[in-house]
Amino acid sequence: MTRALMWFRSDLRVRDNTALAAACRAASDGPQGGVVGLFVVSPGEWAEHDFAPVKVDLMLRTLRELSASLAELNIPLVLAEAKTRHDVPSLVLAAAKQHDCDTLHFNLEHELNERRRDERTIEVFEAAGLKAGAHHDQCLSTPGDVRTGEGRFFTVFTPFKKASFKRMYEQGVPEVVPVPRPQAKIDIASSPVPGVVPGFESSVDPALWPAGEAWAHKRLAKFCADAIVPYKARRDFPGVDGTSKLSPYLTIGAISHRQCIAAAIEANPKSRAPLDVGPEGITHWISEVLWREFYIHIMVGFPRVCMGRAFQPATEVIRWNDDDRAFEAWSEGRTGVPIVDAGMRQLARTGWMHNRVRMITAMFLTKNLFVDWRKGERWFMRHLVDGFLASNNGGWQWSASTGTDAAPYFRIFNPISQSQKFDEQGEYIREFVPELADVQGEAIHEPWTLPGLLKMKLDYPAEPIVDISKSRERAIEAFRDLKQG
Ligand SMILES: Cc1cc2nc3c(=O)[nH]c(=O)nc-3n(C[C@H](O)[C@H](O)[C@H](O)COP(=O)(O)OP(=O)(O)OC[C@H]3O[C@@H](n4cnc5c(N)ncnc54)[C@H](O)[C@@H]3O)c2cc1C
């Protein structure tokens with residue numbers, strides 16, 4: 001008789017779940033067999049890894065949905081609580097023993113601490129004479145499988161993307177794993193899922209992020225029906241609802257890369273044609289999902305990025321500005337630069353920020369204020385509903401010119417021209433910076449150009465916190481000095 005323990009982590013779904021399908025295949029039929037689901041509530045580990053309360057809230061609400069879906073498969077979901085991440089392996093083993101499970105299945109996570117935790121878990125299971133099966137599930141291709149001609153990890157996105165597309169033509173797109181059939185009924189009750197975990201009380205309206213796998217699929221289907229074809233033309237405008245907003249669901253694994261790619265292919269009227277034929281929006285969206293895949297591969301190939309180290313080691317010597325006052329103004333959305341403040345307030349109010357504005361705010365912090373990218377990375381992680389180490393670190397290091405595919409250091413976004421180009425009418429700014437709601441015309445991008453009296457009436461900084469062109473020169477010089485050694 002085999003009873004399998006399925007350990008859920010960042011894969012909170014029953015459809016297309018490699019480890020869950022394997023656990024169900026391994027389990028024997030009958031009341032002594034079956035599958036038990038496990039989730040470890042791990043506030044110490046979450047705090048250490050800067051999980052945002054809004055993300056934990058979405059996880060807990062999704063767990064409730066997951067528990068209901070598992071019940072339909074006769075799989076109970078039990079919860080255990082770990083004080084620190086070091087306690088997790090023995091806790092998982094204790095759960096296996098308590099519920100008479102002789103085999104463990106889980107999907108791999110690729111962050112360094114998570115990898116070490118999983119290796120330790122396998123060790124304790126083997127030492128106890130039990131089996132543990134780790135499965136690759138997060139990416140279309142196992143990290144490290146897509147390599148350059150010389151057998152190295154790609155360090156630049158475009159060639160990685162080309163190689164990934166080529167692989168999909170040659171080997172086919174990995175298939176979505178079917179939902180397992182219901183298991184034999186077993187006599188184990190599911191645990192209640194807490195409404196909140198102390199230390200992670202979220203102030204974001206939960207209605208902004210409906211929970212669960214079913215909702216993620218609804219969102220994907222709607223995006224594919226209405227917005228994927230014009231995606232390329234609309235994706236850069238923060239005032240337009242032109243992107244999928246699926247990142248929180250990918251982060252907690254309520255939906256998978258495979259399911260996203262399958263839906264995008266299905267949406268293509270030339271669906272049997274190669275992946276890059278048909279509406280540009282579809283190909284472009286697939287390549288955005290590949291950015292996520294790329295950063296996971298980077299994390300595996302260059303684990304130093306998980307340890308706060310720069311991807312480009314030469315940039316480690318940069319002496320960033322330690323100005324706490326500037327960092328605080330940035331984080332609170334009161335820099336006096338409307339597009340930056342709008343982005344930071346969107347993050348605080350909703351737990352999410354539009355990709356274009358993530359780049360603008362990150363460049364402003366690192367290039368204009370010259371604050372260490374690690375401080376911004378951490379702030380984002382602590383507030384994002386989609387906080388994901390690989391993508392967050394990748395985005396921050398890209399913006400700071402310390403990362404992969406680094407934007408050349410001399411190409412620094414000007415936040416004013418970005419604002420004029422991507423929020424031309426200022427709708428996005430007005431939504432998130434209500435002090436500027438009545439400002440008309442071009443001044444919405446640079447309210448300091450308003451006549452004195454009008455400016456005084458605004459409850460908004462009279463001038464930007466930093467001189468944009470001088471600070472730009474300072475950043476260029478710092479990087480130029482670095483290049484010249
Ligand atoms: C400084 C910075 C920090 C970021 N931090 C995170 C983070 O913590 N978590 C996160 O998921 N994304 C992060 N991103 C990437 C990107 O901003 C978000 O994935 C995107 O805004 C999510 O919105 P969406 O789901 O509507 O995306 P869509 O435009 O609909 O794209 C579909 C999916 O592709 C992936 N994707 C899109 N753009 C990127 C990208 N540039 N890098 C990696 N994956 C991408 C996402 O999973 C996204 O859900 C960051 C980007 C920057 C510049």
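The values are calculated or read from the model by the stated rules, or taken from the named source; none is laboratory data. Because the structure is a prediction, the values reported are computed rather than measured. Counting neighbours? That spans all protein chains shown, and the Cβs are built from the backbone with ideal geometry, glycine included.
Checking GLY403 against (1) under 24 Å from LEU246 (Cα atoms); (2) within 11 Å of the ligand (Cβ to nearest atom), which single condition isn't satisfied?
The failed condition is (1).
May I ask you to list the residues in region 427-467 that are within 20 Å of ASN368 (Cβ to Cβ), touching a residue at least 24 places away in the same chain (Cβ under 8 Å) and surrounded by fewer than 19 Cβ atoms within 10 Å (Cβ to Cβ)?
If the condition is that a residue be within 20 Å of ASN368 (Cβ to Cβ), touching a residue at least 24 places away in the same chain (Cβ under 8 Å) and surrounded by fewer than 19 Cβ atoms within 10 Å (Cβ to Cβ), then GLU446, TRP448, TYR460, PRO461, ALA462, GLU463 are the ones that fit.
Is it fair to say PHE388 is within 14 Å of the ligand (Cβ to nearest atom) and modelled with pLDDT of 95 or more? Steps first, answer last, please.
Working: within 14 Å of the ligand (Cβ to nearest atom): yes; modelled with pLDDT of 95 or more: yes.
Answer is yes for this residue.
Conditions: (1) surrounded by fewer than 16 Cβ atoms within 10 Å (Cβ to Cβ); (2) out of contact with any helix residue (DSSP H, G or I) (no Cβ under 6 Å at 6 or more places or on another chain). LEU208 meets all but one. Number of the miss?
(2)
Condition test on GLU293, is it of a type in the set (Asp, Glu), in contact with a Pro (Cβ under 9 Å, 6 or more places away or on another chain) and within 14 Å of the ligand (Cβ to nearest atom)?
Values: of a type in the set (Asp, Glu): yes; in contact with a Pro (Cβ under 9 Å, 6 or more places away or on another chain): yes; within 14 Å of the ligand (Cβ to nearest atom): yes.
Here the answer is yes, as GLU293 does meet what is asked.
Inside region 413-482, counting only helices (runs of 4 or more DSSP H) that do not spill past its ends, which hold 1 or more residues that are within 21 Å of ARG349 (Cα to Cα)?
Working: elements: 415-422, 427-432, 452-457.
Ranges flagged: 415-422, 427-432.
Being away from the ligand (no atom under 11 Å from the Cβ), within 23 Å of GLU175 (Cβ to Cβ) and in contact with a Gly (Cβ under 9 Å, 6 or more places away or on another chain) is the filter here; which residues of region 214-263 pass it?
The one that is away from the ligand (no atom under 11 Å from the Cβ), within 23 Å of GLU175 (Cβ to Cβ) and in contact with a Gly (Cβ under 9 Å, 6 or more places away or on another chain): ALA254.
Tell me the residue from GLY253, GLY301, GLY343 that is on the phi > 0 side of the Ramachandran plot, touching a residue at least 24 places away in the same chain (Cβ under 8 Å) and not hydrophobic (A, V, I, L, M, F, W, C), please. It would help to see each step written out before you state the result.
Working: GLY301 fails: on the phi > 0 side of the Ramachandran plot; GLY343 fails: on the phi > 0 side of the Ramachandran plot.
Going through GLY253, GLY301, GLY343 in turn, the sole match is GLY253.
How about region 1-47: which of its residues are surrounded by 21 or more Cβ atoms within 10 Å (Cβ to Cβ) and either at pLDDT below 95 or over 30 Å from the mean Cα position of the chain (by Cα) (or both)?
The answer is ARG3, ALA27, GLY34.
Could you please find all residues in region 48-65 being surrounded by fewer than 20 Cβ atoms within 10 Å (Cβ to Cβ) and touching a helix residue (DSSP H, G or I) at 6+ places or on another chain (Cβ under 6 Å)?
Answer for region 48-65, where residues must be surrounded by fewer than 20 Cβ atoms within 10 Å (Cβ to Cβ) and touching a helix residue (DSSP H, G or I) at 6+ places or on another chain (Cβ under 6 Å): just ASP50.
What helices (runs of 4 or more DSSP H) completely inside region 236-331 contain at least 2 residues that are under 30 Å from GLU427 (Cα atoms) and under 17 Å from the mean Cα position of the chain (by Cα)?
Working: elements: 247-252, 257-267, 280-301, 324-331.
Per the criteria, 247-252, 280-301.
Is region 252-262 home to any residue that is among the charged types (D, E, K, R) and surrounded by fewer than 18 Cβ atoms within 10 Å (Cβ to Cβ)? Please lay out each step first, then the result.
So in region 252-262, the residues among the charged types (D, E, K, R) come out as 258.
Now drop any that are not surrounded by fewer than 18 Cβ atoms within 10 Å (Cβ to Cβ), which leaves none.
Taking every residue of region 252-262 in turn, none turns out to be among the charged types (D, E, K, R) and surrounded by fewer than 18 Cβ atoms within 10 Å (Cβ to Cβ).
For region 329-336, check the following and say yes or no: at least one residue is surrounded by 19 or more Cβ atoms within 10 Å (Cβ to Cβ) and at positive phi. Break it down into steps so the answer makes sense when it comes.
Residues of region 329-336 that are surrounded by 19 or more Cβ atoms within 10 Å (Cβ to Cβ), as a first pass: 329-331, 333, 335.
Filter again for at positive phi, leaving 333.
Among the residues of region 329-336, at least one is surrounded by 19 or more Cβ atoms within 10 Å (Cβ to Cβ) and at positive phi, which makes the answer yes.
Can ALA68 be described as surrounded by fewer than 21 Cβ atoms within 10 Å (Cβ to Cβ) and more than 20 Å from GLY133 (Cα to Cα)? Outline the logic, then answer.
On the way: surrounded by fewer than 21 Cβ atoms within 10 Å (Cβ to Cβ): yes; more than 20 Å from GLY133 (Cα to Cα): yes.
When the stated conditions are applied, ALA68 passes them.
With (1) near the ligand (Cβ under 7 Å from one of its atoms); (2) surrounded by fewer than 24 Cβ atoms within 10 Å (Cβ to Cβ); (3) not charged (D, E, K, R) as the list, and VAL371 as the residue in question, which single condition is left unmet?
(1)
Step by step: first the residues of region 336-359, then only those that are assigned to a helix (DSSP H, G or I) and among the small types (Gly, Ala, Ser), then the one that is nearest to the ligand (Cβ to nearest atom). Which residue is that? Spell out the reasoning first.
Here is the first cut: in region 336-359, the residues assigned to a helix (DSSP H, G or I) are 338-350, 355-359.
Add one more test, that the residue is among the small types (Gly, Ala, Ser), and what stays is 342-343, 348.
Working: ALA342: 15, GLY343: 10, ALA348: 15 Å.
Across region 336-359, the extreme among qualifying residues is GLY343.
Is it the case, given these coordinates, that GLU377 is within 26 Å of PHE200 (Cβ to Cβ) and away from the ligand (no atom under 16 Å from the Cβ)? Lay out the reasoning, then the answer.
Values: within 26 Å of PHE200 (Cβ to Cβ): yes; away from the ligand (no atom under 16 Å from the Cβ): no.
Here the answer is no, as GLU377 does not meet what is asked.
Identify, from the list GLU123, GLU109, the residue that is closer than 24 Å to VAL88 by Cα, assigned by TED's automatic domain parsing to the domain that holds ASP11 and assigned to a loop (DSSP other than H, G, I, E, B). Give the steps one after another, and end with the answer.
Working: GLU123 fails: assigned to a loop (DSSP other than H, G, I, E, B).
Testing whether each residue is closer than 24 Å to VAL88 by Cα, assigned by TED's automatic domain parsing to the domain that holds ASP11 and assigned to a loop (DSSP other than H, G, I, E, B) leaves just GLU109.
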